[in-house]
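The values are calculated or read from the model by the stated rules, or taken from the named source; none is laboratory data. No experiment lies behind these values; they were computed from the predicted model shown. Cβ sites come from the backbone with ideal geometry, for glycine too, and all protein chains shown count toward neighbours. What goes into the accessible areas is simple: the full protein's heavy atoms, side chains included, and nothing from ligands, DNA or RNA. Shrake-Rupley method; radii C 1.70, N 1.55, O 1.52, S 1.80 Å.
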Amino acid sequence: QVRLVESGGGLVQPGGSLRLSCAASGFFFSSYDMSWYRQAPGKEREFVASIASGDGVTKYADSVKGRFTIFRVDASYTVYLQMNALKPEDTARYFCQANVMGRRYWGQGTQVTVSS
């Protein structure tokens, strides 16, 4: 079955960097677009970034453009989110998402806390 496992979260100071990873299994990874979302306490889950299969076209939320980079390594069934210049408002639980055969799958998430 489809499985997504995020890792790499943690506590970081403002201005710092983190790299999140999402290890996928159970589907032909290179054929599907992959996305990152985040959810802060008391707020709705929001789109962060996506990367297309094949041509690797990326999209970003305005709030993270120029600071975050999404990339994928199809050979290892992994999608990454490189986060630089982190701000306190980036604090949230970050989720990997795949839309496989018309169904959305989510990982369990990884917590990112930006605080001094």
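Got a sec? Charge dipole of segment 64-104, +1 on Cβ for Lys and Arg, -1 for Asp and Glu; which of Pro88, Tyr77, Met101 is way out at the positive end?
Value: Met101.
Beyond 14 Å, what percent of the Cα pairs of segment 66-116 remain?
Of the Cα pairs, 64 percent sit more than 14 Å apart.
Could you identify which residue out of Leu81, Leu20, Leu11 has the top mean-square fluctuation in a GNM of the chain using Cα springs shorter than 10 Å?
Taking springs between Cα atoms under 10 Å, the residue moving most is Leu11.
Quick check for you: with a 1.4 Å probe and neighbouring chains kept, what is the accessible area per residue of the chain, in Å²?
53 Å²
With charges set only on the Cβ (+1 for Lys and Arg, -1 for Asp and Glu), what does the dipole of segment 71-116 come to about its Cα centre, in debye to the nearest 20?
160 debye
State the extension gain, in nm to one decimal, for the chain segment bounded by Ser31 and Ser63, taking 0.36 nm per residue of separation less the distance between their alpha-carbons.
Extra length available between Ser31 and Ser63 comes to 8.7 nm.
Which whole-Hz ³J(HN,Hα) couplings does segment 102-111 yield from phi under the Karplus relation 6.51 cos²θ - 1.76 cosθ + 1.60, θ = phi - 60°, glycine and proline marked x?
x, 10, 8, 10, 10, x, 7, x, 9, 7
Can you tell me which aspartates and glutamates have their Cα less than 19 Å from the Cα of Lys59? Leave out same-chain residues fewer than eight positions away.
Correct list for Lys59: Asp33, Glu46, Asp74, Asp90.
From a point 7 Å beyond the Cα of Ser7 in the direction of its Cβ, which residues of segment 24-56 have a backbone N at a distance under 18 Å?
Output list for this probe position: 24-26.
Computing the accessible area with a 1.4 Å probe over protein heavy atoms, can you report the carbon and sulfur percentage for segment 6-112?
The computed percentage sits at 50.
Hey, in the GNM for the chain with a 10 angstrom Cα cutoff, which one of Pro88, Pro41, Pro14 fluctuates hardest?
Pro41
Give, to the nearest whole percent, the P(r) tail of the chain beyond 18 angstrom, counting all Cα pairs.
45 percent
Output the relative contact order of segment 48-116, whole-number percent, from Cα pairs under 8 angstrom with separation of 6+ residues.
Over segment 48-116, the number comes to 21 percent.
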